[in-house]
1. For the chain, give the percent of accessible area contributed by carbon and sulfur heavy atoms, probe 1.4 Å, rounded to a whole number.
2. What angle, in degrees between 0 and 90 and rounded to the nearest 10, separates the Cα long axis of helix 35-46 from the longest principal axis of the Cα atoms of the chain?
3. Can you tell which of GLY82, PRO70, LEU138 lies farthest toward the positive end of the dipole of segment 54-173, using +1 and -1 charges on the Cβ of basic and acidic side chains (Lys, Arg; Asp, Glu)?
4. With the cut-off at 1.5 for a/c, could you classify segment 101-177 from its C-alpha gyration tensor as rounded, prolate or oblate?
5. So how strong a dipole does segment 1-151 carry about its Cα centre when Lys and Arg Cβ are +1 and Asp and Glu Cβ are -1, to the nearest 20 debye?
6. Determine, from the Cβ-Cβ distance of LEU309 and ASP127 and an R0 of 30 Å, the FRET efficiency 1/(1 + (r/R0)^6), rounded to the nearest 0.05.
7. Where Lys and Arg each count +1 and Asp and Glu each count -1, what net charge lies around GLN200 among other residues with Cβ under 10 Å from its Cβ?
8. With label points built 7 Å along Cα→Cβ from the Cα atoms of HIS300 and VAL321, find their separation and express it in nm.
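The values are calculated or read from the model by the stated rules, or taken from the named source; none is laboratory data. All values derive from a computational prediction rather than experimental measurement. Cβ: placed from backbone, ideal geometry, glycine included. Neighbour counts: every protein chain shown. Only protein heavy atoms, including side chains, enter the accessible area calculation; ligands, DNA and RNA are left aside. Shrake-Rupley method; radii C 1.70, N 1.55, O 1.52, S 1.80 Å.
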Amino acid sequence: MLTLISPNHLKTIVQLSGDAIRDFLSHADANHFKGEAQIAIKSFNANPADFSNEKLIAYGADTVEAINYPVRIEVRGHTKEGAAQMVAKGIWGPKRTKVAQEIGQKCNGLGLHLKLAGTSSIEFNVDGVDKSVPIRFLQSAFDDVLGEMDYQPGKHINSRQSKTVIAADGDDTIYDGPRVGLLPTLAQSPVRDVLVAYLQAGGIFMLVSGNDINRTFNRLVPALPKEVYCRVLVAANGGAELVYVNSKGQAVPVSTYRKQALDLAHDKAHQHVLDMVYIGDDGSKEGNDYPAFKAVGFKHSVLVARKFLTDYDPGLEPAYVGGLVQGTKKFLEDFLSSRIDR
């Protein structure tokens, strides 16, 4: 089963999303919102023609447009077979939950699921695709993936033998989250130096993001030295795509992922036990990180949320370290020390 949304379903999602965004903006009172939401509502009232489906899809094509246009419909990972993920961005506040439910009902039977992300996004993926899929795929196809990415061990860690993998969320975990006009990267993050040290030691790192794969890749890889490229994987578009970094710093899709990931992810008979942890900043059962926490097990999870909220799974409380990117930095320092000092 493909991790891609079919071309016919893409058209349906675009129409439903465009209608929902325009309906929200036309009825919202700009005085009840702040920041990018208020700007978007005022812009729509001034010129509704700028919010046609065709113009909404045009935005989000690259990093600059994505951070400067808060209202857009993104078609992510597009190929002739479909798209890895769709994202409708531009509905703020409590109305978003109701809109997502309404669109979900209209998409019934299409084999899709919807989830909320950020403050104004609704994400569409094929049923079964989430952040657990790249983790379970790696558990099932570990040796094959290492061979494809030309993994080379380091001085302190040989992951072919130890199965050492750190998987992590991106925003507010590996680097700061986006803000209007700014998309922080690993280069500006306090996590950068210790992550590089871990990779130089020989460990494998897999970034698992709900965001666009090209933007995610570009926020991570340019901050890494070339010699560690062979130890880096990037999963994104909600778990629909998995790439490795070649010797030139380019993203190369793992060859079997799109066609086999969903099947392998649920084939427990062939799953290997890895020395693997997952670091994320959201402990809620409805959050993007939760499937990944479940995939590695709570004992191998690290929760770096700002606070441990009441809607978080109590089972994650022992995994809570807090601190967002600073918490990730501290955990990686301790993890690396434990591996090097053995």
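1. Here carbon and sulfur together make up 50 percent of the probe-accessible area.
2. 30
3. Working it through, the farthest residue towards the positive pole turns out to be PRO70.
4. Here segment 101-177 falls in the oblate category.
5. Computed about the Cα centre, the dipole is about 660 debye.
6. 0.65
7. Overall, the nearby charge balance is +1.
8. Roughly 1.6 nm, to one decimal.
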